[in-house]
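What follows is a set of notes on a single structure, which appears directly below.
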Amino acid sequence: MSGIYIHIPFCKQACHYCNFHFSTSMKYKSEIINAILKEIELQKNYLANKNIKTIYFGGGTPSLLNERELNLFFEKINQLFHIEKDAEITLEANPDDLTLEKLRQLKSTPINRLSIGVQSFAEIDLKSMNRAHNVKEAESCIQNAQSLGFNNLTVDLIYGSPSTSNEQWRRNVQKLFDFEIPHLSCYCLTIEPGTALDHFVKRGKAQPVDDEKSAHQFEVLMQMMESNDYHHYEISNFAKPGNYARHNSNYWSGVSYLGVGPSAHSFNGKSRQWNIANNALYLKAIDFDKNSINEKGSRFEVEILSLKQQYNEYIMTALRTMWGCNLGKIRTWGDDFEKYFLKSSEVFLKNGTLKQDRGSFVLTKKGKLLADNIAMELFFET
């Protein structure tokens, strides 16, 4: 069982907080699509003939693809891989792209799950983030998607923004309950180096993030989700029973996946690789005349993971989930790793940020506020 991630590196405009790889120029859109199709062919053996359980179109803004372009990807993947009948096929989408006509087109493709980047139901937030959509478009696209039978929906929200009051944050979350959205991804606003937001904060044109306010809004989120019977199955993700994101869950569980497109990452358990994050260089690195990588330069870098790196990778991803870090899994890397983990986890068991649950070590509510810091302390560094 494996997954395929397809990175579509185009956006209508740049959100102020975003540090993902994208271009606001559509000049080479068709060339990039053809290059990604070629890369899928070049990488057909990466997953060692495993069945494909999930396909995920991320970006960028994959909803900029039209029906014909999407079907080119499905045709190519079907030629080279076996896709399971109940495969989860997700498209990330912006509300302004999801017109009724667009949704009808998507319904005619194999896509069966939409990930909608709403971020907020307040105009002041959307403007401060430089989002391309407005509140009306956010609300109508959800309603239209549901009316056409897209019941497997997830919505992204951002908390901790200086423009988002605690009251507005509660309204944002409640709105999703009103829409009966089965899955929610919530991310704390962070100021990433080199972004427009980073530039604005340094010049005093935007307020810095208030950590206490962010923590409060996260605690409110956890409380509201629990009260409405959502499972907090990963630090940033909540779902009704049976609606966990399979693609992301596989990623957190260490399942192999192939990533194609500029900046896309791949993982096969023993190594990880990542493509060059530059559209022009990515195009040059794909040789359309030969079934191989262009000699002018590799399109990706590869890192063979040591046992220590494999362990650390597992800690980083598994600890963020409700299933936590399993001691039996840790033993597979050897006694030294087991002893190190048990010793390092003692302080967190004592201070109530970790708990043991049937052979696994799981974050408590208190621990979820400190997830990244706890993971770093559990990393094997000796």
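Examine segment 54-69 for a residue that is more than 26 Å from Leu103 (Cβ to Cβ) and either free of Cβ contacts under 8 Å to residues at least 60 places away in the same chain or not acidic (Asp, Glu) (or both), and state whether such a residue exists.
Within segment 54-69, the subset more than 26 Å from Leu103 (Cβ to Cβ) is none.
Looking for residues that are more than 26 Å from Leu103 (Cβ to Cβ) and either free of Cβ contacts under 8 Å to residues at least 60 places away in the same chain or not acidic (Asp, Glu) (or both), one finds none in segment 54-69, hence no.
Take segment 19-59 and flag every residue that is more than 21 Å from Tyr257 (Cβ to Cβ) and either crowded, with 17+ Cβ neighbours inside 10 Å or more than 21 Å from the chain's Cα centre (by Cα) (or both). Outline the logic, then answer.
In the first step, residues of segment 19-59 are kept if they are more than 21 Å from Tyr257 (Cβ to Cβ); the result is 19, 23-31, 34.
Ser23, Ser25, Met26, Lys27, Tyr28, Lys29, Ser30, Glu31, Asn34, listed by residue number.
What are the residue pairs meeting all of these: first residue in segment 34-51, first residue over 20 Å from Met1 (Cα atoms), second residue crowded, with 19+ Cβ neighbours inside 10 Å and among the small types (Gly, Ala, Ser), Cβ atoms under 9 Å, and 6 or more apart or on different chains?
Listed pairs, sorted by first residue: Ala35/Gly261; Ala35/Ala285; Ile36/Gly261; Ile36/Ala264; Glu39/Gly261; Glu39/Ala264.
If you take the residues in segment 93-118 that are of a type in the set (Gly, Ala, Ser) and in contact with a Ser or Thr (Cβ under 9 Å, 6 or more places away or on another chain), which one is farthest from Leu72 (Cα to Cα)?
Keep residues of segment 93-118 that are of a type in the set (Gly, Ala, Ser), which gives 93, 108, 115, 117.
If we keep only those that are in contact with a Ser or Thr (Cβ under 9 Å, 6 or more places away or on another chain) as well, we get 93, 115, 117.
Values: Ala93: 18, Ser115: 21, Gly117: 24 Å.
Looking at residues that are of a type in the set (Gly, Ala, Ser) and in contact with a Ser or Thr (Cβ under 9 Å, 6 or more places away or on another chain), I get Gly117.
Which numbered condition trips up Ala206, out of (1) buried (at least 17 other Cβ atoms within 10 Å of the Cβ); (2) at pLDDT 95 or above?
(2)
Can you tell me how many residues in segment 282-323 are among the aliphatic types (A, V, I, L, M), crowded, with 18+ Cβ neighbours inside 10 Å and at pLDDT 95 or above?
Number of matching residues: 3.
Would you check which residues across segment 1-33 are of a type in the set (Val, Ile, Thr), out of contact with any Asp or Glu (no Cβ under 9 Å at 6 or more places or on another chain) and in contact (Cβ under 8 Å) with a residue 40 or more places away in the chain and list them?
Here is the first cut: in segment 1-33, the residues of a type in the set (Val, Ile, Thr) are 4, 6, 8, 24, 32-33.
Within this subset, residues satisfying the condition of being out of contact with any Asp or Glu (no Cβ under 9 Å at 6 or more places or on another chain) are 4, 6, 24, 32.
Within segment 1-33, Ile4, Ile6, Ile32 qualify.
Looking at Thr195, Thr190, can you tell me which residue is at pLDDT below 95 and touching a Cys at 6+ places or on another chain (Cβ under 7 Å)? Before the answer, list the steps.
Details: Thr190 fails: touching a Cys at 6+ places or on another chain (Cβ under 7 Å).
Exactly one residue qualifies, and that residue is Thr195.
Residues of segment 135-194 being among the hydroxyl-bearing types (Ser, Thr, Tyr), touching a strand residue (DSSP E or B) at 6+ places or on another chain (Cβ under 9 Å) and more than 16 Å from Asn243 (Cβ to Cβ), which ones? Even if it seems obvious, please write down each step before you answer.
Going through segment 135-194, the residues among the hydroxyl-bearing types (Ser, Thr, Tyr) turn out to be 140, 147, 154, 159, 161, 163-165, 185, 187, 190.
The next check asks that each one be touching a strand residue (DSSP E or B) at 6+ places or on another chain (Cβ under 9 Å); those that pass are 154, 159, 161, 164, 185, 187.
Passing the criteria: Tyr159, Ser161, Thr164, Tyr187.
Can you pull out every residue in segment 116-129 that is closer than 18 Å to Val209 by Cβ and either assigned to a helix (DSSP H, G or I) or under 20 Å from the mean Cα position of the chain (by Cα) (or both)? Give the steps one after another, and end with the answer.
Let us first name the residues in segment 116-129 that are closer than 18 Å to Val209 by Cβ, namely 119-120, 122, 124-129.
Matches in segment 116-129: Gln119, Ser120, Ile124, Asp125, Leu126, Lys127, Ser128, Met129.
Just the residues that are surrounded by 16 or more Cβ atoms within 10 Å (Cβ to Cβ) and without any contact (Cβ under 8 Å) to a residue 24 or more places away in the chain, please, taken from segment 355-369.
Passing the criteria: only Gly367.
The values are calculated or read from the model by the stated rules, or taken from the named source; none is laboratory data. Predicted model, so just to flag it, every value in this text is computed and none were measured. When we count neighbours, we look across all protein chains shown, and the Cβ atoms used for this are built from the backbone with ideal geometry, even at glycine.
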